[in-house]
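The values are calculated or read from the model by the stated rules, or taken from the named source; none is laboratory data. Since the model is a prediction, treat every value here as computed from it, not as a measurement. Neighbour counts are summed over all protein chains in view; Cβ atoms, including those assigned to glycine, are modelled from backbone coordinates with ideal geometry. To get the accessible areas, we keep the full protein, side chains included, count just its heavy atoms, and leave off ligands, DNA and RNA. Shrake-Rupley method; radii C 1.70, N 1.55, O 1.52, S 1.80 Å.
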Amino acid sequence: NLATVVLKEKIENEIVTCEKEKELDKYNRILAECFVNGQSLSSYMVKSGYAFDWPKYSKKKYAMDEEYAKVNKLGL
């Protein structure tokens, strides 16, 4: 899908680092935010319009990025 292509282009051959959350989700899965060159991949994907903020889990962490994509008619 297009979001996968955009993410692959962003990462290319760069090193991805991830910061694990302290707690697991309700299904006992590890949650983490990943970065390339210090930039959050989640924020990048939402701001580019190829992902959505999911407030139930993000606590609206990416709400401004999503609004930016909407206002600028980016991505999806």
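Miscellaneous remarks
- Of Ala32, Ala51, Ala63, the residue with the greatest mean-square motion in the GNM of the chain, using alpha carbon springs below 10 Å, is Ala32.
- Among Tyr50, Tyr62, Tyr27, residue whose mean-square fluctuation peaks in a GNM of the chain (springs only between Cα atoms under 10 Å): Tyr27
- The longest part of the chain holding none of the exposed loop trypsin sites (Lys or Arg not before Pro), meaning those outside H, G, I, E and B in DSSP with at most 15 other Cβ atoms within 10 Å, is 30-58.
- Sum of -39500 (n - 2.57) over DSSP H runs of 4+, divided by residues of the chain (222 nm, nearest 500): -10000 deg cm²/dmol
- Projecting the Cα atoms of Ala32, Ser58, Thr17 onto the dipole axis of the chain, where Lys and Arg carry +1 and Asp and Glu carry -1 at the beta carbon, places Ser58 farthest toward the positive end.
- GNM remark for the chain: springs join alpha carbons under 10 Å apart, and the peak mean-square fluctuation among Asn13, Asn37, Asn28 falls on Asn28.
- Whether the chain is rounded, prolate or oblate, judged on the alpha carbon gyration tensor where a/c under 1.5 counts as rounded: oblate
- Loop-located GluC sites (Glu not before Pro) in the chain (DSSP state not H, G, I, E or B) with no more than 14 neighbouring Cβ atoms inside 10 Å: Glu12, Glu14, Glu21, Glu23.
- Share of carbon and sulfur in the accessible heavy-atom surface of the chain [1.4 Å probe, %]: 54 percent
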